[in-house]
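Asker: Below you'll find the structure I mean.
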Amino acid sequence: MTVRKELVSIAVAVTLITASRIAFAADDAKHPCALVRDNADRLACYDQAFGKPADPVAAAPQEQFGFKEKEVERKTGKTGESEAQASVSAAITSLSRLHDGKFVVTLDNAQVWSQSEFNSQADVQVGDAVTVRRGVLGSYLLVTKAGIATRVRRVK
């Protein structure tokens with residue numbers, strides 16, 4: 001009996017998804033750009049009507065800061081990390097502690113950094129302005145408002 005209820009639920013979900021796709025396609029067909037036959041012209045029409053999306057690689061230097069070259073290549077399809085970006089300054093919006101006492105901070109630019117060393121005197125609080133800068137051999141240092149640095153790695 002439980003299997004029958006699950007099958008009915010799945011059937012209802014598939015029906016609703018199919019109906020919403022049909023409705024979406026019908027709404028899309030009503031837009032004047034949908035009638036343009038040439039692909040490039042149709043894209044230009046939609047870009048003009050709804051605005052051109054931001055180029056993820058154009059905004060990349062700060063967004064990619066802290067990721068290893070292979071991670072950047074995997075995420076963007078482009079090789080190389082911006083060497084011009086030496087540091088990022090931001091405020092801490094979220095702070096959590098791991099079971100081993102290390103901290104994980106989320107910055108106001110949406111970057112997430114995790115402390116990677118144990119014996120550090122670095123003390124951070126939500127709202128603190130910090131700077132993350134390049135260290136040696138591909139490492140990164142989070143510098144607190146007191147000027148104390150601790151090694152970190154980019155999580156997100």
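Asker: Roughly what percent of Cα-Cα pairs across region 87-154 reach past 18 Å?
Answerer: Of all Cα-Cα pairs in region 87-154, 25 percent lie more than 18 Å apart.
Asker: Go ahead and collect, in residue order, the members of region 130-156 whose backbone nitrogen is under 17 Å from a label point 7 Å along the Cα-Cβ direction of SER87.
Answerer: Hits in region 130-156 for SER87 at 17 Å: 130-153.
Asker: Still on this structure, please answer the following. So if we plug the beta-carbon distance of LYS30 and ALA129 into 1/(1 + (r/R0)^6) with R0 = 41 Å, what FRET efficiency do we get, rounded to 0.05?
Answerer: 0.25
No value in this document is a laboratory result; all are computed from the given coordinates. None of the values given here were measured: they were computed from a predicted structure. Backbone-built Cβ (ideal geometry, glycine too); neighbour counts: all protein chains shown.
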